[in-house]
Amino acid sequence: MHHSDRDPPALRRRTLLRALAGAGALGALPALGGCGTDLRNDPRRVTMAFNRVEDMELAGMDDLLDVFHAATDYTVEVDNFEPNSYQESINNYLQGTPDDVVAWFGGYRLRFFAERGLISDLSHLWDGPLADSFSQAHKELCTGGDGKQYLVPYYSYPWAFYYRPSLFAENGYEPPATRAELLDLCERMRGDGLEPIGYGNREGWPAMGTFDHLNLRINGPEFHTDLANGDAAWDGPEVREVFSAWAELLPHHQPDPLGRSFDEAQAALMRKECGMLLAGLFVAQALPEDEADDLDFFVFPEYDPAVGTGAVEAPTDGFMLSANPRNPEGAEALLTHIGGLEAQELYADSDPQALPAHVDTDTARFNDLERKALELIDGAESVTQFLDRDTRPDFAAVVAIPAFQRFLRQPDDIREITSDLERQKRSVFG
């Protein structure tokens, strides 16, 4: 992967890293001055909200936009936002005066805004210049409840169990393929003085990955969707079985997960203090460059042969068109560019966690780990999002996370926890 040096992009980027609390905070963008013209009415100007601030992410977006600027007469002005504040404020932001092109996610969170008329239909791009550019699984993630597409995806990344091959080779471990093999491996690791599974849940969200994967392997992707949509019962036998399977794994996790951050759990994997970590491809960013080849993954093992392992949890990021863009023609030209193969591969060259969503991506440009991850997504029978993307944000943050944290403290209270989840679900979903 390359990281190109460049001069500051001057007027086409405004970095907003301040805390964005309160109604309409994301919409309170500073005026841009100093160029002698009213840029807000410039027909060649397109504005974009980008929810990434890491150097490699900014470099990838700059590379993507450099090509767009060279090929068109448009100038893209990028507003960068800190991701967590962005997610907390985007609902108010979209109801104010948002940028033309807006970064967001596939799944329920997309449908939520589509149903409220806060974003624009992009089906004509999917049927036109972007036809046959993405898999059916990705198309479904970008589709609203009305069957229309509202997002142009540009990358995704899979969740799986990541491990250090050198540690496995040293101890004679093999990646497990079934529930029994996973539990047996955990016992062996514990006997060898390792914490089998790294675990840090101080932030709340990591536990959703464990729940999701167990639910996908026990009940399948359709039930995952029904549960996330509020159409299935959280106090039914299916969910209680998931929590029981989770309780079976808890003794093999690092203790006191509520007192440990995800980054700390990730560091334990890098230091070979734990054997494996359920995570996204972003863990590759934590490896020292001289150890880049010492990371691999295996899919979450099979729990039920009838369900199998065909469902892959792969959060997908993309861009929407706001409901009333100031420059719809320029915005659609930019979205078409973002959905193109060249742009997606350029972005991925700088950001190692980003696997292009485009179906024609050349896998030869990636290292072995990235190629394996891309092939996992492309070969998936179904692709789901992380729970906080597949369900209502107010349910994920206000109900699910506290319930999962309570379970980690009191794993014997499954019946009471699931009953409370169902009661609160009915209150949230109506």
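The values are calculated or read from the model by the stated rules, or taken from the named source; none is laboratory data. These figures come from a predicted structure and were not determined experimentally. Virtual Cβ from ideal backbone geometry, glycine too; neighbours counted across all protein chains shown. Protein only, heavy atoms only, side chains kept; ligands, DNA and RNA dropped before computing areas. Shrake-Rupley method; radii C 1.70, N 1.55, O 1.52, S 1.80 Å.
Identification of helices (runs of 4 or more DSSP H) wholly contained in segment 187-277 with 2 or more residues that are touching a residue at least 40 places away in the same chain (Cβ under 8 Å) and closer than 23 Å to V307 by Cβ yields 206-219, 221-228, 237-249. Taking the numbered list (1) exposed (fewer than 14 other Cβ atoms within 10 Å of the Cβ); (2) under 15 Å from the mean Cα position of the chain (by Cα); (3) not small (G, A, S) in turn, Q353 passes all entries but (1). Residues in segment 296-318 that are open to solvent by less than 10 Å² (accessible area, probe 1.4 Å) and either out of contact with any helix residue (DSSP H, G or I) (no Cβ under 8 Å at 6 or more places or on another chain) or within 20 Å of M56 (Cα to Cα) (or both): P315, T316, D317, G318. Inside segment 285-295, residues that are of a type outside the set (D, E, K, R) and either surrounded by fewer than 17 Cβ atoms within 10 Å (Cβ to Cβ) or not in a loop (DSSP other than H, G, I, E, B) (or both) make up a count of 4. Taken over segment 91-110, the residue count meeting the criterion of being surrounded by fewer than 20 Cβ atoms within 10 Å (Cβ to Cβ), part of a helix (DSSP H, G or I) and in contact with a Gly (Cβ under 7 Å, 6 or more places away or on another chain) is 1.
Is it the case, given these coordinates, that E115 is more than 17 Å from the chain's Cα centre (by Cα), open to solvent by 60 Å² or more (accessible area, probe 1.4 Å) and not hydrophobic (A, V, I, L, M, F, W, C)? The answer is yes for E115. Mind listing just one residue for me: the one in segment 137-193 that is touching a Gly at 6+ places or on another chain (Cβ under 6 Å) and among the hydroxyl-bearing types (S, T, Y) and, of those, nearest to F112 (Cα to Cα)? The residue in question is Y150.
Whether any residue in segment 71-90 is closer than 25 Å to R44 by Cβ, open to solvent by 10 Å² or more (accessible area, probe 1.4 Å), of a type in the set (G, A, S) and not in a loop (DSSP other than H, G, I, E, B) is what I want to check.
Taking segment 71-90 and keeping what is closer than 25 Å to R44 by Cβ, we get 71-81.
After this cut, where a residue has to be open to solvent by 10 Å² or more (accessible area, probe 1.4 Å) as well, the list is 71-75.
Checking which are of a type in the set (G, A, S) leaves us with 71.
From the residues that got through so far, the ones that are not in a loop (DSSP other than H, G, I, E, B) too are 71.
Yes, segment 71-90 has at least one match.
Is at least one residue of segment 277-284 out of contact with any Ser or Thr (no Cβ under 7 Å at 6 or more places or on another chain) and loosely packed, with under 14 Cβ neighbours inside 10 Å? Taking every residue of segment 277-284 in turn, none turns out to be out of contact with any Ser or Thr (no Cβ under 7 Å at 6 or more places or on another chain) and loosely packed, with under 14 Cβ neighbours inside 10 Å.
Out of all the residues in segment 118-146, which are open to solvent by 50 Å² or more (accessible area, probe 1.4 Å) and either modelled with pLDDT of 95 or more or assigned to a loop (DSSP other than H, G, I, E, B) (or both)?
D121, H124, D127, P129, D132, G145, D146
Being in contact with a Phe, Trp or Tyr (Cβ under 6 Å, 6 or more places away or on another chain), farther than 26 Å from E313 by Cα, in contact (Cβ under 8 Å) with a residue 24 or more places away in the chain and assigned by TED's automatic domain parsing to the domain that holds I338 is a description that does not apply to V152.
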